[in-house]
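First comes the structure, then the notes that go with it.
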Amino acid sequence: MTTYRPITKTDWPRILDIQRECYAPYFLESLSALQNRWTASPDSCFVVEDPAGIIGYALSHPWQQGHAPALGMPLGESISPDLLYIHDVAVSKEARGSGAASRLVGALTSRALAGGLNRMALTSVQGSSHFWAHQGFAPAAVDGSLEGYGPDAVYMVKPLPHP
């Protein structure tokens, strides 16, 4: 059985292992860049575990629709957030197909709703837009460029139900 929980300081070595396993070298971010998202919003960052240990993670933070934060850079402080931005959802190769990624998306959705937000957004990379469309996300306009996210980057938004 898989469960999710908030990220703790001791989880970072495994998170970095999963990041290296899942992303092309171009997308790899430093520990400090990833931890910047976690410290900005620790209650919206999770790991998913099975009996053998951590098999995936999710990093997200409040942000503003239409804007994609730069990869590898600290988050700016002058933005007025109106949604939960999913920075990263990654699942180890051996756990793909287990439902772990969908479980993390569910946890993020619950967190967004609990925070009074009615939308989530992300930038799909590495051909993952089909997965995100299956999760209810649709392509949307972005202010500025998705430069740095790769040639197949797609900014996507998902409206959330009102309670």
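Annotations
- For residue 83, the requirement of being over 19 Å from residue 9 (Cα atoms) and among the hydrophobic types (A, V, I, L, M, F, W, C) is met.
- Cross-chain or 6+ apart pairs with Cβ under 7 Å, region 100-119 first and under 24 Å from residue 50 (Cα atoms) and surrounded by 14 or more Cβ atoms within 10 Å (Cβ to Cβ), then modelled with pLDDT of 95 or more and among the charged types (D, E, K, R): 111/43
- Hits in region 44-75 - residues which are in a loop (DSSP other than H, G, I, E, B) and under 20 Å from residue 112 (Cβ atoms): 45, 64, 65, 66, 67, 68, 69, 75
- Applying a threshold of 6 Å to beta carbon distances and a minimum spacing of six or more residues, or different chains, the list of pairs starting in region 78-94 at a residue that is closer than 19 Å to residue 43 by Cα and ending at one that is assigned to a strand (DSSP E or B) and open to solvent by 10 Å² or more (accessible area, probe 1.4 Å) reads 81/62; 81/63; 83/119; 85/63.
- For region 65-77, the set of residues classified as closer than 26 Å to residue 25 by Cα, touching a residue at least 12 places away in the same chain (Cβ under 8 Å) and open to solvent by 20 Å² or more (accessible area, probe 1.4 Å) consists of 67, 68, 70, 71, 72, 73, 74, 75, listed by residue number.
- Scanning region 41-64 for residues that are open to solvent by 30 Å² or more (accessible area, probe 1.4 Å), closer than 17 Å to residue 122 by Cβ and within 13 Å of the chain's Cα centre (by Cα) returns a single hit, 62.
- Only listed residue being among the aliphatic types (A, V, I, L, M) and in a loop (DSSP other than H, G, I, E, B), chosen from 142, 89, 105: 142
- Residue check for residue 81: at pLDDT 95 or above and over 22 Å from residue 147 (Cβ atoms): no
- Residues of region 145-163 that are outside any loop (DSSP other than H, G, I, E, B) and open to solvent by 20 Å² or more (accessible area, probe 1.4 Å): 154, 158, 159.
- Residue list for region 1-43, restricted to those being touching a residue at least 40 places away in the same chain (Cβ under 8 Å), touching a helix residue (DSSP H, G or I) at 6+ places or on another chain (Cβ under 8 Å) and assigned to a loop (DSSP other than H, G, I, E, B): 2, 7, 29
The values are calculated or read from the model by the stated rules, or taken from the named source; none is laboratory data. Bear in mind the structure is a predicted one, so any value in this text is a computation, not a measurement. A quick note on method: Cβ atoms are made from the backbone with ideal geometry, for glycine too, and the neighbour counts reach across all protein chains shown. Protein only, heavy atoms only, side chains kept; ligands, DNA and RNA dropped before computing areas. Shrake-Rupley method; radii C 1.70, N 1.55, O 1.52, S 1.80 Å.
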